[in-house]
Ligand SMILES: [Zn+2]
């Protein structure tokens, strides 16, 4: 072995020895480091898993206080509805959104957002649905007035392109897209949830494993199928086997048991 090679060998083996000594020191510290890492991972896991909503991308990434919506009652409610609890606010074609209603939102990772107060129950429902081996996807949630206006105008324009007269197009559009100001989605308490394997918003959605599970279990988490079949005259909205509304666990259990829609439960129909 040449001198240079020997020097290199000594240097490198010296490094190795030093590294080994160092690693023994590291080994001595390892239990403490491992415990710390495991604790951090557990905490992170809790945060990540805890936000598992919104289909594959669903995760809460923070909440934004748009405005305080009041703890128990709804600001801006007209007389007669003033005592209505936040989770039972009725919004339908005959009962528009309370004025200046701005819920505090929790955002999901895929851009969806819900009223922060229903988020824990929603999280639990989605976690349990997935634990049952299913693949739910939240495809719509909170909408601003502007978003609802855009959806409505889009639908109207499509109908006019198909040959409908302006006035008729508006009436027709209102059958499938809520008139701005009358959509529950503006409350942040309504969600459209579909099966990842079938994402069409049509009546066939009711046959998907996700809908079967949600229809049987959502009430346990405070959610009701808001526009059930056979209740369109009362709700003003066609059968939508994908639209769920948070009303709280107690109300949802009663409504599920007695097969009531929200209007019937509130005695407003
Ligand atoms: Zn909906």
Which of the residues that make up region 95-111 are in contact with a strand residue (DSSP E or B) (Cβ under 8 Å, 6 or more places away or on another chain) and part of a loop (DSSP other than H, G, I, E, B)?
103, 104, 109, 110
So, restricting to helices (runs of 4 or more DSSP H) that lie completely within region 112-218, which ones have at least 3 residues that are within 16 Å of the ligand (Cβ to nearest atom) and over 25 Å from residue 234 (Cβ atoms)?
145-161
Residues (buried (at least 22 other Cβ atoms within 10 Å of the Cβ), away from the ligand (no atom under 12 Å from the Cβ) and free of Cβ contacts under 8 Å to residues at least 40 places away in the same chain) located in region 220-245:
224
Somewhere in region 165-177, is a residue assigned by TED's automatic domain parsing to the domain that holds residue 245, surrounded by 16 or more Cβ atoms within 10 Å (Cβ to Cβ), over 19 Å from residue 125 (Cα atoms) and out of contact with any helix residue (DSSP H, G or I) (no Cβ under 7 Å at 6 or more places or on another chain)?
no
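The values are calculated or read from the model by the stated rules, or taken from the named source; none is laboratory data. Computed from a predicted structure; not experimentally measured. Backbone-built Cβ (ideal geometry, glycine too); neighbour counts: all protein chains shown.
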